[in-house]
Every structure is written in C-alpha cells, then in structure tokens.
Amino acid sequence: MAITHAIPELWSAKILTEFQEATIFAGLANREYEGEAKGGNTVHITGIEPIQVKDYKAAGRTTSADAVTDTGVDLLIDQEKSFDFYVDDIDAAQAKPALMSAYTKSAADGLAEDTDKFLSALLIAQGTAVTGLTAVTDAATAWNAIATLKKAMRKAKVPASQRVLVMNAEFASFLDENDSKLMKANEFASTAGLRDASYGKLLTFDTYDSENLPETSKPQIVGWHKSALAYASQIEKTEPMRAQNKFADRLRGLHVYGGKVIRPNAVFHWTAA
C-alpha cells in the first residue's frame, strides 16, 4: 500500500510515541521548557536569586526592602538529526503495511539512542564528580557508591523527591549479584521492579540501567534531580513520498532538539578509575 496519501501529522505522532517509549534519559528530563522547539531556536530560562532572611529583632524591629535579582540560562535547540529510507513496492506487497511500521519503529529507536547519548554526556560533562570512593568490586561497594551520591545530594540540599539514578551494565552487574541488598529485598517480592530498565527505588533514587552512558567498559553512575536536566524536542518535518527513480515509497523526517544542565549543583556522578 502506497503512503503517498499519508497524513504527515499522523506519521509524526507515530515517531514521537515510539521515541518516548524507547528512551531513558529524555524520559527523566525536565520537559516544561519545550514550547515551540524549532531548529536554531533558543529557549531563555529565567532563574531567581535567594531572598535574604534578616534578623528583625536585631535590626531594632525595622525592615527595608532588597532589590531582587535574577539569573538566566539559554537552552539551545541546536541538534538536528534525520532519517530517510525506501521501502520497495515488491517488499511492501509481500509484507504489507507492517513493513513500513517496522522501519518507522527502527528510525524511532535510532532517534532515542541518539538523544540518550547526548543527554547522558551532558550530565557527565556538566555535573559534579564524586571523589573519595574506593573501587567498586562487588555488591557492597556498589551499594556504598550509591549511598555516597545520596550523601552528596543531601549536602547540596537537593530535594529527596524526583531524584533519579542511571547506571551502566558494568555497575548494574554488581547489584544483580544474589547476595546484594537489592536482591535480598526482592527475594519474596514481585520482580516487577527489575523488569526492563527499572531497578525500582534505591536509597531515594528511582534507578535505571542504560548502555547509553558515555562509559561502557567500566562502572559508571549518574544521579540527578529531574528539574536539573532541561530537554526540548520536536519532530520538525515528516515527508512521505514516492521515489523518483524506483518503484518504492520513501519516508524521511527531521528531529530537532536541545538539552542543558540547568542545575549543575543537583547532578553528581562517579566513574571507576
């Protein structure tokens, strides 16, 4: 079946749905600044400076107003990634519309992986590296590493709610050991918390594993408050068409996005030496 008469908005919605379901980091980011994300745009995010608390009694029970000040950061929509593929009429006749759907999902998965790697690299580059940890070699030292990140967040006054943590396979493998605190806690419970990428709630963190962290050959973890990572995304164009030089349908699209760590004091990470 040809896609010449496909409605572009419907194709865009399909791509976005698959993309949101497949990703980890974008799903744990702050999306409230998304607005009208267009390639080359800048989203200006305004912040405020803390209000000073004064000793009213020591000031003779008098008070005066302070001028308020603000800060700001810019979220650039500066990433542009495309997909473009053919489906031959012969293939389409054999597989029917399901083939186009499968390729569309493949494109969406590629966009998800690309975005995840971009956002995870931002967190590692712009967050704070936790020091003083011994090598992580087993379940106990892995648990202690997460506890150290929790301590760093507590000292930075990061709220306990909406803390998230992502670890790579090298780190997660220690928590998978049968003598780890995680496995003992789940010994008589449902294994639902261990399905897919979720490890459930660990030491106040909603915890996940992902191989889209920058480091894949040695243990690495990153923890942050959801408000700390801003992300804006848009499937800007999707065009179904007939191929000009062959009997095939063609689908191409453009994904534009941007991300920024807007609260670097709420992002902490650790990587094995």
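Each reported figure results from applying straightforward, stated rules to the coordinates on display, with no laboratory input. All figures in this text were calculated on a predicted structure; none of them were measured in a lab. Methodologically, a virtual Cβ is constructed for each residue, glycine included, from the backbone with ideal geometry; neighbour enumeration extends over all protein chains shown.
When restricted to residues that are loosely packed, with under 10 Cβ neighbours inside 10 Å, in contact with a strand residue (DSSP E or B) (Cβ under 6 Å, 6 or more places away or on another chain) and among the hydroxyl-bearing types (S, T, Y), the stretch 43-84 contains 2. Within the stretch 199-214, the residues that satisfy the criterion of being among the hydroxyl-bearing types (S, T, Y) and in a strand (DSSP E or B) are Y199, T207, Y208. Anything in the stretch 219-247 that is closer than 17 Å to V166 by Cβ, of a type in the set (S, T, N, Q) and touching a Ser or Thr at 6+ places or on another chain (Cβ under 8 Å)? List them, or say none. Matches in the stretch 219-247: Q220 only.
Can you name the residue in the stretch 117-153 that is hydrophobic (A, V, I, L, M, F, W, C) and part of a loop (DSSP other than H, G, I, E, B) and is also surrounded by the fewest Cβ atoms within 10 Å (Cβ to Cβ) among such residues?
Among those residues, the one meeting the criterion is A135.
Filtering the stretch 140-159 to residues that are hydrophobic (A, V, I, L, M, F, W, C), over 14 Å from T207 (Cβ atoms) and out of contact with any His (no Cβ under 7 Å at 6 or more places or on another chain) leaves A140, A152, A156.
Where strands (runs of 3 or more DSSP E) sit wholly within the stretch 217-262, none has at least 3 residues that are without any contact (Cβ under 8 Å) to a residue 40 or more places away in the chain and surrounded by 22 or more Cβ atoms within 10 Å (Cβ to Cβ).
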